[in-house]
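The values are calculated or read from the model by the stated rules, or taken from the named source; none is laboratory data. Predicted model only: the values in this text are computed from it and were never measured. Here the Cβ is made from the backbone with ideal geometry for all residues, glycine too, and neighbour counts use every protein chain on show. Please note that ligands, DNA and RNA were not included when accessible areas were found on the heavy atoms of the full protein model with its side chains. Shrake-Rupley method; radii C 1.70, N 1.55, O 1.52, S 1.80 Å.
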Amino acid sequence: MRLHFFASMSALAIVFTTPPVSGQTPKPAAPAAVKKWTPPRTPWGDPDLQGSFSNLNEDGTPLERPPQFEGRRLEDIKGAELAAIKKAVQDRTIETFQGPLHAPQHFWQDDLNLVKGSQAWLIVDPSDGKIPPLTAEARQRTAARTEARRNSGRGPADSWEDLSLYDRCITRGLPGSMMPAIYGNSYEIMQAPGYVAISYEMIHETRIIPLDGRPHAGANIRSYMGDARGHWDGDTLLVETTNFRDEGIYRNANPATLRLVERFTRTGPETVKWAVTVDDPATWTRPWTFSMPLTLDESQPVLEYGCHEGNLGLANILSAARAEEKKKAVDDAAKKK
């Protein structure tokens, strides 16, 4: 035992006292390299934006910066503070549209998850998060429209033509068709050589966007969604849309001068950034931009939006207006007796 003990101790002494061989000092492990995400490409080489997307989580996000965030930057509002803001918006939204009057319970409420919303407001330029002031021309134009409506002698619901194109299941226009709502927020982006198509669930429209550099249609050809022309700016799809109709024009802009520039950029495997610059020198004193993410969600493809088939709201608005007129006639007759 003693010989074995001393022999073991000698071996240990050799192990612990032998100096390290020169040049073999252990080096700290190098940090793992972060692999940069590369946007996918189509078989013909364009950036691949295709898929079914949604921005439901951004519903209820105000367009402009709310007063309580005066002096703060959009990127500073995040984490628990942003989650609390979004939770309050979700609670208010569900309470406002409480069933069964507005919709059956569990109709859309269970899918509403605004806590996942990514920003406290949408406008990113100007930096104050506010829509620029109206021009003098725009103020005059708005006042003239209001006065003409007042002098027309028409009520708010004398006919279906007095209601909005949205109420009538015709269109939400642009950019309205991709603005988040409590439901119907599915959009499908499809690509082919020389073209991009975007289908909107609400209200059942598809934009065909040529990428071949052709000019816009003539000024006398106008549509609710405008005339779109696109091209690639690096990995970003840039779409310029003009030639809008006066009916349903965005925020009372001038259809002859309104120009919308959309930018679609794939920022990750499941996210496309959608940014819209609103440029109308006849309406605002400078261009302004809002943006939000579109999230890939193949479980929510674009569904048939049977709006006309279920548009009880329009019939009820008109019938209610007729009932109010009848009641007023009866009351007026009673006063004359």
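A few comments on the model shown:
- Of all the listed residues (282, 333, 320, 256), the sole one being small (Gly, Ala, Ser), surrounded by fewer than 11 Cβ atoms within 10 Å (Cβ to Cβ) and at negative phi is 333.
- Within the span defined as segment 280-296, every residue fails to be touching a Gly at 6+ places or on another chain (Cβ under 8 Å), in contact (Cβ under 8 Å) with a residue 24 or more places away in the chain and not aliphatic (A, V, I, L, M).
- Members of segment 194-210 that are closer than 23 Å to residue 245 by Cα, outside any strand (DSSP E or B) and open to solvent by less than 70 Å² (accessible area, probe 1.4 Å): 201, 202, 203
- Residue within segment 301-317 that is under 19 Å from the mean Cα position of the chain (by Cα) and open to solvent by 50 Å² or more (accessible area, probe 1.4 Å) present: yes
- Filter result (free of Cβ contacts under 8 Å to residues at least 60 places away in the same chain and open to solvent by less than 30 Å² (accessible area, probe 1.4 Å)) within segment 163-193: 177
- Among (1) within 23 Å of residue 64 (Cα to Cα); (2) open to solvent by less than 60 Å² (accessible area, probe 1.4 Å) - the single one residue 251 does not satisfy: (2)
- Segment 61-93, subset in a loop (DSSP other than H, G, I, E, B) and over 23 Å from residue 178 (Cα atoms), residue least open to solvent (accessible area, probe 1.4 Å): 77
- Cβ-Cβ contacts under 8 Å between residues 6 or more apart (or on different chains), taken from a first residue in segment 55-83 that is closer than 11 Å to residue 120 by Cα to a second residue that is of a type in the set (D, E, K, R) and in a helix (DSSP H, G or I), are listed as 60/86; 60/92.
- Residue check for residue 216: in a loop (DSSP other than H, G, I, E, B) and either of a type outside the set (Lys, Arg) or at pLDDT 95 or above (or both): yes
- Residues that are among the basic types (Lys, Arg), at pLDDT 90 or above and touching a Leu at 6+ places or on another chain (Cβ under 8 Å), drawn from segment 56-86: 65
- Of the residues 198, 209, the single one that is without any contact (Cβ under 8 Å) to a residue 24 or more places away in the chain and of a type in the set (A, V, I, L, M) is 198.
- Residue in segment 220-239 that is most open to solvent (accessible area, probe 1.4 Å), counting only those that are in contact with a strand residue (DSSP E or B) (Cβ under 9 Å, 6 or more places away or on another chain), outside any strand (DSSP E or B) and over 11 Å from residue 174 (Cα atoms): 221
- Tally, over segment 136-158, of residues that are crowded, with 17+ Cβ neighbours inside 10 Å and either modelled with pLDDT under 90 or in a loop (DSSP other than H, G, I, E, B) (or both): 1
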